[in-house]
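Engineer: First, the structure itself, so that you have it in front of you.
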Amino acid sequence: MTAPLEAPADAAPETVLAGVGAKAIEGRSLGQIAWMRLRRDKVAIAGGIFILFLILVAIVGPHLVQDPTVYNANLIDPTLSAPRGPFGGISLAHPFGVEPVTGRDVLSRVVNGAQVSLLIAFLATALAVIIGVFMGVVAGFFGGWADAVIARSMDVFLAFPLLLFAIALVGVIPSSAFGLSGNSLRIGLLIFVIGFFAWPYMGRIIRGQTLSLREREFVDAARSLGARGPYVLFRELLPNLWGPILVYTTLLIPTNILFEAALSYLGVGIIPPTPSWGGMLSDAVNSGFYAIDPMYMIIPGLAIFLTVLAFNLFGDGLRDALDPRSAR
Amino acid sequence: MGVTAFGAVAALALAACSSSTSTTSGGPTPATGFNAGITHVMNPSSQKGGTLNFASSSGIPDSTDPGNTYYAQMWNLSRLYAMPLMTYKSCPGKCGGQVVPMLATAPGVISDNGLTWTYHIQPNVHFEDGTLVTSSDVKYAVERTFDRGKFPLGPGYFPALLAPQKPAYPGPYKDRSKNLMGLKAVETPNPTTIVFHLAKPFADFNYVVAIPQTAPVPPNKDTGANYQLHPISTGPYMFQSYQINKQLTMVPNPHWNPATDPNAKQLPSKIVLTFNVNPNDVDNRLLAGDIQVDLPGTGVQAAARTKILTTPSLKAQSDNPVSGFSWFFGLNTRVPPLTNIHCRMAIEYAANKTNNQTAYGGPFAGGAIASTVAPPNVVGSVAASGKKFDLYEATTKPQGDLTKAKQQLQQCGQPNGFSTGITYRSDRPKEVSAAQAMQASLARVGIKLTLHGFPTATYTSNFAGVPKYVHSHDLGIIVYGWAPDWPDGYGEFYYIVHGAAISPVGNTNLEELNDPKVNSLLDKFATTTDAALRNSYTAQIDMQVMRDAAILPNVFAKALLYRSPKLTNVYVQSYYGMYNYAVLGLK
Amino acid sequence: MIARAPAPHPVITFIVRRLIATVFLLIVVSMVTFSIFFLLPRLAGQTTYGLAAQYVGRSPTPAAVHAIERQLGLDVPLPVQYGRFLKGIVFGRHFDSGTSKAYCPPPCFGYSFKNQQPVWPMMISSVPVTVSLAIGAAILWLVGGVSIGVLSALRRGTLFDRFSMGVALAGVSLPIFFTGLIALALFSYRWPIFPNVQFVPFTQNPLLWAKNLILPWVTLAFLYAALYARLTRAGMLETMNEDYIRTARAKGLPERTVIVKHGLRAALTPIVTIFGLDIGLLLGGAVITEVTFSLHGLGQFTILAIDSQDLPEIMGVTMLAAFFIVFANLVVDILYAYVDPRVRS
């Protein structure tokens, strides 16, 4: 997916020096270096701020806006089913206009949709990352048959066309199953599919990283001082892995946002009337209303675009900050 | 859902004539004009040649096999390659709902107290390979409909109506009798006569044989499940190539004799149908002239609708016929608290009918707000008579009457409202909007609805049409629509309100209404041979169903159709509620 | 000295080993796919009756539903159904069409629930469309994306770099159906430069084939080109900083040789891996593009199959898509084995 990242070899952990008993030299940890470099990257910071803003909107927003399910039939022209007034019926009461046919407030639907879209993207990414990191570390660190089994199963999972599977699964599972129904089931399914089939992307990268880190000098050094397996794993390897983990997590999230939008376009996303950005975009496109009321399509489209852009910018900045060699 | 959704028309459409009482010869034919195609044959011509292009946003909804299809668009299209015993007269206006002989020479001759129907078929009709059509070919076609495993998608009238035999007739593929003529209820005493023996009198049988299932099939050329790829044609066109879900090409049938078939024409030199085209693409191609007809015939999408209605030159090239569908909400009489009629009446009063109409597309694309069930093209319906019957103020107070609704709630013992579920087809945007509109309007009197959407494919087979499921999930309101298989009261009402039609799976009497008054009126339909008397029952059934508050009518569906300027002989056939596909030509 | 038979060429052994592994992989994939589509709904509460009832049209009776169950082969236990499925792929199957017993030659993926037609021929007829779409777009995005990436890397920090990377960033941030829709709205409807986008087979009319595919090609390629431009640039930047590049320059090699022969070659390694994966995925059906442009390819076939819950079709197209992915991976691996001896061990 993106270029491989290698953790710099010069980040010697202070613990080794401290253990020697010498006066600890005031060195900078990897994290501090990265943070300093990130701070200087204005574009990435802008992306980061937007992300924080979005999260805030997703958490607090739905309580501040109108009910997204209320119909305002008086704002719709019944012959054409289109909103009265230009730009999709923008007014003080409805800053983003209203939807065709139903007259629902677009702003409140976008805000509520943020909640759903981000929830799915974050949870699905989290699932993929957790499984991926676990598998990758185990495979890279222990090697041998554990590595062989995990690598083969990664091959199996990578062989499945993810989009097809998501669509097919959603279509095949009844609308009430495993104790859940409706949107909780749908959201659960989407998270499961994405997490379950996307973990190998993360797994492969982490495995590669673990493999190369395992051979590094500081691990040898720690071992020569008597450190055992778990110590090496937790104190030496994992701290050096969080860089790539963070970067790829940040870059996986926008993929999943676009994924949910694609699923909604194909009709297997969130079930109405719960709003989701992908669902709003899909409505606008498939009903043909985008040609009459372009704002109906532009607004959720812009929301998706800006969110994905922000995550990409922040993720790029993060990666550049953590890798000294790709100086911009 | 997106892409393939639109246009899965559930059953036959019957259309109305709009306002005028004109017949086909109602004054000089205008060259153009909004709704001119409903009452006049536009661009009449006998010019041959050209390629007629159809497109559809889905594939063939069920099958091109005339014995295995149940959609209006297919029954319309199949007249190009199949000749059933009877058909609907090809003419604009009211006469388009009349059933007239096609392969037969005359309507059935009734004898034996209504139990025997005899038809004579024309002696010089040929299949596309030149073989003569005989009555055994018609009998074989009817026999095929008994194999519900191979042909499950068509109607099941013949197994239901014909005199039974023991053991039950298994269909021609398991038929061990000579020449595969094992169905005893149908006799062919000579090659031009076919005799049907019914189990019980059924006065509407002429309508039943107008279904494409009686189109002859040569037993030695039948290919079972593969017959749909190339049905042996008796109509003006025959299949040249068919790739399922992709494209169907038809060419003129050299053995078709126009003298035997006045209801069809053989004008274009090629007919091409392209399937699974993006719905917006269909409209754009239609307006650009790349295609001439949108196969499902249910009208254009919102974007094209706006363009057409706001551009006078385009509006003059469009028609807004009644499609023959009623969209309504079934109020299930067995789901508490809707078991109490007053709770149902509360729903009738409280619903905002204007919003429901808007949900379906407004007055042009949705239809006219209805206060009774049967649309105006059903013979003898309240709507056709022009008399007003509006128990719940649907036309006088379309926003709903909250005071009366609350009174009804008091009477049913739920003064603060109650909760129930509403179910709808989740891949039909109009039904989704309608369900949400109901949720909003009923909430005004405290009736709380929870939404349960299911895909069309499983709607009646697994959910709304399974009474057990409906009861256990408290689905009190069921969004549905209906178009009758033939344009009279029986066709309209039997399956949706007769107590005997309640079925454990695939149920269409979604209100589970079992009113003896309604049942007996419908039963009388079968045995009353006097057509005028029969049709007088229709209005009575309609009014009784409304008095029972079993159905909340929404709209009598209309479709906004674009009449391509390249078409000749184009007009709306009232039975199908769309353009007559059997007579089209090109300029 | 003991004479030994010459060892087989290492690449050949590698290929054979990988082929065997591929077959096993596909079997596992088929098992998992079967479980997901046939077993999982059962666990979720669906019954065979419920599944069959969807195909009985609008006048179902219990007898009709049971007849359909038998017709669709749903009346036997799942392992038997799976066994029949596998057997069909290897040996073919017989099918009762009513008037005759048809033979469906291997690989037979069964018969569609909805229209009782063999699945394999229907899929194969959709393949040319998808392949045309994928190959054409692939050439565009590979050439376009990589060259822009290289140029941006070499002109790092310039206006060209910032602008092209900005556009690339926008490209990966837009949903693809958005792009497709804009393309259609502008270049097909508004200004009829590419009207009536319909697939014309290459053998029928190569010029029209290409003309009708330009819009879908560009739409698809835009997204991937953006991705590859970013990837190539990042890869180039990393490689150009390596020691051996400095050595090559120090040796006095012309700059062009340094860039292309040493820098690009190394940077392209991850690109090739990803390209293999992407092509493999696309051959299984560029679902969204096909749907937007009404192209009757594998992607659209999949959507239709899923809409009607046509399990044999779903199984068939998933297996075909998985096969393409696995095959693409295999090809990439073999290329690497040929190029890099370390991989063969």
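The values are calculated or read from the model by the stated rules, or taken from the named source; none is laboratory data. Keep in mind the model is a prediction, meaning the values are calculated, not measured. All Cβ positions, even for glycine, are placed from backbone atoms using ideal geometry, and neighbour counts span all protein chains on display. Accessible surface is based on the protein model in full, side chains and every heavy atom, while ligands, DNA and RNA are left aside. Shrake-Rupley method; radii C 1.70, N 1.55, O 1.52, S 1.80 Å.
Engineer: Consider C:Ser126 carefully, then state whether it is open to solvent by less than 10 Å² (accessible area, probe 1.4 Å) and either at pLDDT 85 or above or of a type in the set (S, T, N, Q) (or both).
Structural biologist: Values: open to solvent by less than 10 Å² (accessible area, probe 1.4 Å): yes; either at pLDDT 85 or above or of a type in the set (S, T, N, Q) (or both): yes.
Yes: the conditions hold for C:Ser126.
Engineer: Something else now. For the range A:130-157, what are the residues that are of a type in the set (A, V, I, L, M) and surrounded by 23 or more Cβ atoms within 10 Å (Cβ to Cβ)?
Structural biologist: Matches in the range A:130-157: A:Val133, A:Met135, A:Ala139.
Engineer: Next up: Report whether or not B:Glu393 is at positive phi and out of contact with any Pro (no Cβ under 6 Å at 6 or more places or on another chain). First the steps, then the outcome.
Structural biologist: Values: at positive phi: yes; out of contact with any Pro (no Cβ under 6 Å at 6 or more places or on another chain): yes.
Here the answer is yes, as B:Glu393 does meet what is asked.
Engineer: So, one more: Filter the range B:200-209 for residues that are open to solvent by less than 10 Å² (accessible area, probe 1.4 Å) and more than 22 Å from B:Gln165 (Cβ to Cβ) and give the result.
Structural biologist: B:Asp204
Engineer: In the range C:150-193, what residues are assigned to a helix (DSSP H, G or I), of a type in the set (Phe, Trp, Tyr) and more than 7 Å from chain A (Cβ to nearest Cβ)? Step through it out loud before you land on a result.
Structural biologist: Kept after step one, since they are assigned to a helix (DSSP H, G or I), are these residues of the range C:150-193: C:150-154, C:159-173, C:176-190.
If we keep only those that are of a type in the set (Phe, Trp, Tyr) too, we end up with C:160, C:163, C:177-178, C:187, C:189.
Passing the criteria: C:Phe160, C:Phe163, C:Phe187, C:Tyr189.
Engineer: In this structure, does C:Glu290 turn out to be surrounded by 22 or more Cβ atoms within 10 Å (Cβ to Cβ), more than 10 Å from chain A (Cβ to nearest Cβ) and of a type outside the set (S, T, N, Q)?
Structural biologist: Numbers: surrounded by 22 or more Cβ atoms within 10 Å (Cβ to Cβ): yes; more than 10 Å from chain A (Cβ to nearest Cβ): yes; of a type outside the set (S, T, N, Q): yes.
Yes; evaluated as a whole, the condition is true for this residue.
Engineer: With the checklist (1) open to solvent by less than 10 Å² (accessible area, probe 1.4 Å); (2) out of contact with any Phe, Trp or Tyr (no Cβ under 6 Å at 6 or more places or on another chain); (3) modelled with pLDDT of 95 or more in hand, flag the one item B:Pro172 doesn't pass.
Structural biologist: The one condition B:Pro172 does not meet is (3).
Engineer: Of all residues in the range B:182-212, count the ones that are farther than 13 Å from B:Pro66 by Cα and either within 14 Å of chain C (Cβ to nearest Cβ) or among the acidic types (Asp, Glu) (or both). Reasoning before the result, please.
Structural biologist: Going residue by residue through the range B:182-212, those that are farther than 13 Å from B:Pro66 by Cα are B:182-208.
Still in the running and either within 14 Å of chain C (Cβ to nearest Cβ) or among the acidic types (Asp, Glu) (or both): B:187, B:204, B:208.
So the answer is 3.
Engineer: Starting from the range B:213-230, keep only residues that are over 24 Å from C:Pro118 (Cβ atoms) and more than 8 Å from chain C (Cβ to nearest Cβ), then list their pairs with residues that are part of a helix (DSSP H, G or I) and of a type in the set (Val, Ile, Thr) whose Cβ atoms are within a distance under 9 Å, requiring at least 6 positions of separation or different chains.
Structural biologist: B:Gln213/B:Val142; B:Thr214/B:Val138; B:Thr214/B:Val142; B:Thr214/B:Val208; B:Ala215/B:Val138; B:Pro216/B:Val138
Yes or no, residue by residue, for (1) assigned to a helix (DSSP H, G or I); (2) facing another protein chain (nearest Cβ under 7 Å); (3) touching a residue at least 40 places away in the same chain (Cβ under 8 Å):
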residue: C:Leu26; (1), (2), (3): yes, no, yes
residue: C:Ser30; (1), (2), (3): yes, no, yes
residue: C:Ile36; (1), (2), (3): yes, yes, no
residue: C:Gly45; (1), (2), (3): no, yes, no
residue: C:Tyr49; (1), (2), (3): yes, no, no
residue: C:Gly57; (1), (2), (3): no, yes, no
residue: C:Ala67; (1), (2), (3): yes, yes, no
residue: C:Arg84; (1), (2), (3): yes, no, no
residue: C:Lys87; (1), (2), (3): yes, no, no
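Engineer: Looking only at the range B:499-515, decide whether some residue is at negative phi and among the acidic types (Asp, Glu). Break it down stepwise before answering.
Structural biologist: To start, the set of residues in the range B:499-515 that are at negative phi comprises B:499-505, B:507-511, B:513-515.
Add one more test, that the residue is among the acidic types (Asp, Glu), and what stays is B:511, B:515.
Looking for residues that are at negative phi and among the acidic types (Asp, Glu), one finds at least one in the range B:499-515, hence yes.
Engineer: Any residue in the range C:181-201 that's open to solvent by 60 Å² or more (accessible area, probe 1.4 Å): show its pairings with residues that are not in a helix (DSSP H, G or I) at Cβ separation under 6 Å, as long as the two are six or more apart or on different chains.
Structural biologist: So the pair list comes out as C:Phe187/C:Ile193; C:Phe187/C:Phe194.
Matching residues to (1) open to solvent by 40 Å² or more (accessible area, probe 1.4 Å); (2) in a helix (DSSP H, G or I):
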residue	(1), (2)
C:Arg70	yes, yes
C:Gly73	no, no
C:Pro79	yes, yes
C:Val90	yes, yes
C:Cys108	no, no
C:Lys114	yes, no
C:Pro121	yes, yes
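Engineer: Still on this structure, I have one more. Looking at (1) surrounded by fewer than 24 Cβ atoms within 10 Å (Cβ to Cβ); (2) within 21 Å of the chain's Cα centre (by Cα), which is the only condition B:Asn554 fails?
Structural biologist: (1)
Engineer: Here are the criteria: (1) open to solvent by 10 Å² or more (accessible area, probe 1.4 Å); (2) assigned to a helix (DSSP H, G or I); (3) within 14 Å of chain A (Cβ to nearest Cβ). Tell me which single one B:Glu431 does not satisfy.
Structural biologist: (1)
Engineer: A follow-up question, please. Identify the residue in the range A:44-74 that is open to solvent by less than 80 Å² (accessible area, probe 1.4 Å), assigned to a helix (DSSP H, G or I) and without any contact (Cβ under 8 Å) to a residue 60 or more places away in the chain and, among all such residues, is farthest from the other protein chains (Cβ to nearest Cβ).
Structural biologist: Top of the filtered list is A:Val60.
Engineer: Is it true that A:Ile173 is modelled with pLDDT under 80, open to solvent by less than 30 Å² (accessible area, probe 1.4 Å) and under 30 Å from B:Leu451 (Cα atoms)? Walk me through it before giving the result.
Structural biologist: Values: modelled with pLDDT under 80: yes; open to solvent by less than 30 Å² (accessible area, probe 1.4 Å): yes; under 30 Å from B:Leu451 (Cα atoms): yes.
For A:Ile173, the condition - modelled with pLDDT under 80, open to solvent by less than 30 Å² (accessible area, probe 1.4 Å) and under 30 Å from B:Leu451 (Cα atoms) - is met.
Engineer: Of all the helices (runs of 4 or more DSSP H) wholly in the range B:66-181, which have at least 2 residues that are more than 14 Å from every other protein chain (Cβ to nearest Cβ) and touching a helix residue (DSSP H, G or I) at 6+ places or on another chain (Cβ under 7 Å)? Break it down into steps so the answer makes sense when it comes.
Structural biologist: Details: elements: B:72-77, B:135-144, B:157-161.
Those helices (runs of 4 or more DSSP H) span B:135-144.
Engineer: Among (1) in contact with a helix residue (DSSP H, G or I) (Cβ under 8 Å, 6 or more places away or on another chain); (2) within 30 Å of B:Phe146 (Cβ to Cβ); (3) more than 13 Å from chain B (Cβ to nearest Cβ); (4) open to solvent by less than 60 Å² (accessible area, probe 1.4 Å), there is one condition C:Leu133 misses while meeting the rest; what is its number?
Structural biologist: Tallying (1) in contact with a helix residue (DSSP H, G or I) (Cβ under 8 Å, 6 or more places away or on another chain); (2) within 30 Å of B:Phe146 (Cβ to Cβ); (3) more than 13 Å from chain B (Cβ to nearest Cβ); (4) open to solvent by less than 60 Å² (accessible area, probe 1.4 Å), C:Leu133 fails exactly one: (2).
Engineer: Just one of C:Arg265, C:Arg246, C:Arg233 is open to solvent by 10 Å² or more (accessible area, probe 1.4 Å), more than 8 Å from chain A (Cβ to nearest Cβ) and touching a Ser or Thr at 6+ places or on another chain (Cβ under 8 Å); which is it? If you could, list the steps in order and put the result at the bottom.
Structural biologist: Details: C:Arg265 fails: touching a Ser or Thr at 6+ places or on another chain (Cβ under 8 Å); C:Arg246 fails: touching a Ser or Thr at 6+ places or on another chain (Cβ under 8 Å).
Answer to the selection: C:Arg233.
Engineer: Consider the range A:85-110. How many of its residues are closer than 17 Å to B:Ala359 by Cα and either open to solvent by 50 Å² or more (accessible area, probe 1.4 Å) or not β-branched (Val, Ile, Thr) (or both)?
Structural biologist: First, pick out the residues of the range A:85-110 that are closer than 17 Å to B:Ala359 by Cα: A:98-105.
Within this subset, residues satisfying the condition of being either open to solvent by 50 Å² or more (accessible area, probe 1.4 Å) or not β-branched (Val, Ile, Thr) (or both) are A:99-100, A:103-105.
Total meeting the criteria: 5.
Engineer: Here's a follow-up. For the range B:437-456, indicate whether the set of residues that are within 14 Å of chain C (Cβ to nearest Cβ) and polar (S, T, N, Q) is non-empty. Working first, answer last.
Structural biologist: At the first step, the residues of the range B:437-456 found to be within 14 Å of chain C (Cβ to nearest Cβ) are B:454-456.
Those left that are additionally polar (S, T, N, Q): B:456.
Yes - at least one qualifying residue is present in the range B:437-456.
Engineer: Might you let me know whether the range A:236-257 holds any residue that is of a type in the set (Asp, Glu), farther than 30 Å from A:Gly171 by Cα, part of a helix (DSSP H, G or I) and open to solvent by less than 10 Å² (accessible area, probe 1.4 Å)? Full working, then the answer.
Structural biologist: Taking the range A:236-257 first, the residues of a type in the set (Asp, Glu) are A:236.
Now narrow it down to the ones that are farther than 30 Å from A:Gly171 by Cα: A:236.
Imposing the further condition that a residue be part of a helix (DSSP H, G or I) reduces the set to A:236.
In the following step, the residues that additionally are open to solvent by less than 10 Å² (accessible area, probe 1.4 Å) were identified as A:236.
Scanning the range A:236-257, I find at least one residue that is of a type in the set (Asp, Glu), farther than 30 Å from A:Gly171 by Cα, part of a helix (DSSP H, G or I) and open to solvent by less than 10 Å² (accessible area, probe 1.4 Å), so the answer is yes.
Engineer: Further, regarding this structure: Within the range B:230-340, considering only helices (runs of 4 or more DSSP H) that don't extend past its boundaries, which have at least 1 residues that are open to solvent by less than 20 Å² (accessible area, probe 1.4 Å)?
Structural biologist: On the way: elements: B:279-288, B:302-310, B:312-315.
Output list reads B:279-288, B:302-310.
Engineer: Additional query: Would you confirm, using the coordinates I've provided, whether B:Thr193 is surrounded by fewer than 20 Cβ atoms within 10 Å (Cβ to Cβ), under 25 Å from B:Thr105 (Cα atoms) and modelled with pLDDT of 95 or more?
Structural biologist: On the way: surrounded by fewer than 20 Cβ atoms within 10 Å (Cβ to Cβ): yes; under 25 Å from B:Thr105 (Cα atoms): yes; modelled with pLDDT of 95 or more: yes.
Criteria met by B:Thr193.
Engineer: Oh, and also: Scan the range C:293-342 for residues that are farther than 24 Å from A:Val156 by Cα, assigned to a helix (DSSP H, G or I) and facing chain A (nearest Cβ under 10 Å) and report the count.
Structural biologist: Qualifying residue count for the region: 1.
Engineer: Right, next: Being among the aliphatic types (A, V, I, L, M) and closer than 19 Å to B:Ala365 by Cβ is the filter; apply it to the range A:64-97 and report the residue that is modelled with the lowest pLDDT. Give the steps one after another, and end with the answer.
Structural biologist: Going residue by residue through the range A:64-97, those that are among the aliphatic types (A, V, I, L, M) are A:64-65, A:70, A:73, A:75-76, A:80, A:82, A:90, A:92-93.
After this cut, where a residue has to be closer than 19 Å to B:Ala365 by Cβ as well, the list is A:73, A:75-76, A:80, A:82.
Numbers: A:Ala73: 71, A:Leu75: 82, A:Ile76: 82, A:Leu80: 83, A:Ala82: 85.
Only one residue tops the list, namely A:Ala73.
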